[in-house]
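*Asks:* Please find one structure pasted underneath; my questions will follow.
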Amino acid sequence: MSVELTVLTLAGLLQVIQFALMSISANLDIGSAKTLSPRDESRLGGPLSSQLSDKPARAFRAMNNHFEALILFTIAVVVITLSDQSTAVTRILAWTYLTARIAYVPAYYFGWTPWRSLIWFIGFLSTAGMLVSALF
């Protein structure tokens with residue numbers, strides 16, 4: 001398996017960990033009666049995510065943000081892998097993406113400003129760099 005595919009697999013596992021952290025914190029925050037419900041907004045009095053306190057809500061947003069980032073990163077890894085263009089640069093960029101995504105979780109959860117945005121941007125640039133490198 002290529003380095004980029006290994007990093008993609010680890011990024012997928014990070015998503016699993018983020019889901020578990022978000023689920024646990026949401027259940028502790030608002031209770032399982034709400035989180036296990038059908039989540040009808042009319043029944044709950046609004047979206048479930050809006051009822052979370054700050055840190056569980058941040059965990060929820062960080063998880064969703066990683067879903068979004070993971071789509072673009074997956075495209076980059078697939079293009080690099082299928083075109084057989086793995087290089088030292090794409091491997092470093094893949095690891096940089098994963099490192100940034102790992103750092104992003106506590107940065108978002110604890111509200112590290114402006115570091116959260118900077119960490120996100122490093123991950124985004126790493127993915128963009130992989131996409132651009134596939135064109136050359």
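The values are calculated or read from the model by the stated rules, or taken from the named source; none is laboratory data. Only a predicted model underlies this, so the values are computations on that prediction, with no experimental measurement involved. Using ideal geometry, Cβ is built from the backbone for each residue, glycine included, and neighbour counts are taken over all protein chains shown. Remember, those area values only see protein heavy atoms, side chains included, never the ligands or the DNA or RNA. Shrake-Rupley method; radii C 1.70, N 1.55, O 1.52, S 1.80 Å.
*Asks:* Obtain the nm distance between the two label points defined at residue 71 and residue 15 by a simple spin-label model: each point lies 7 Å from its Cα along the Cα-to-C-beta direction.
*Replies:* Here the modelled spin labels are 1.1 nm apart.
*Asks:* Let me ask something else about it. Based only on Cα atoms, what Rg/Rh ratio does region 1-74 have, Rh being taken as Kirkwood's radius?
*Replies:* 1.09
*Asks:* Where nothing but the Cβ of Lys and Arg (+1) and of Asp and Glu (-1) is charged, how large is the charge dipole of the chain around its Cα centre, in debye to the nearest 20?
*Replies:* I would put it at about 260 debye.
*Asks:* Can I ask one more? Rounded to the nearest percent, how much of the accessible area of region 11-136 (1.4 Å probe, protein heavy atoms only) is carbon and sulfur?
*Replies:* About 70 percent, which is the carbon plus sulfur part of the accessible surface.
*Asks:* Only one of the listed values, (1) 0.99; (2) 1.07; (3) 1.45, was derived from the coordinates as Rg/Rh (Cα atoms, Kirkwood Rh); which label is it?
*Replies:* Among (1) 0.99; (2) 1.07; (3) 1.45, the one calculated here is (2).
*Asks:* If you take the charge dipole of the chain about its Cα centre, with +1 on Lys and Arg Cβ and -1 on Asp and Glu Cβ, which of 56, 90, 12 is farthest toward its positive end?
*Replies:* 56
*Asks:* Rolling a 1.4 Å sphere over the protein heavy atoms, what is the accessible area per residue of the chain, to the nearest Å²?
*Replies:* Ligands and nucleic acids excluded, the result is 57 Å² per residue.
*Asks:* Which stretch or stretches of region 115-136 have amide N atoms under 16 Å from the point lying 7 Å from residue 88's Cα along the Cα→Cβ direction?
*Replies:* Answer for region 115-136: none.
*Asks:* Work out from phi, with θ = phi - 60° and the Karplus expression 6.51 cos²θ - 1.76 cosθ + 1.60, the ³J(HN,Hα) of each residue of region 124-130, listed in order in whole Hz, and give x for Gly and Pro.
*Replies:* Taking θ as phi minus 60°, the curve returns 5, 5, 4, 5, 4, x, 5 Hz for region 124-130.
*Asks:* With +1 on each Lys and Arg Cβ and -1 on each Asp and Glu Cβ, how big is the dipole of region 51-125 about its Cα centre, in debye rounded to the nearest 20?
*Replies:* 220
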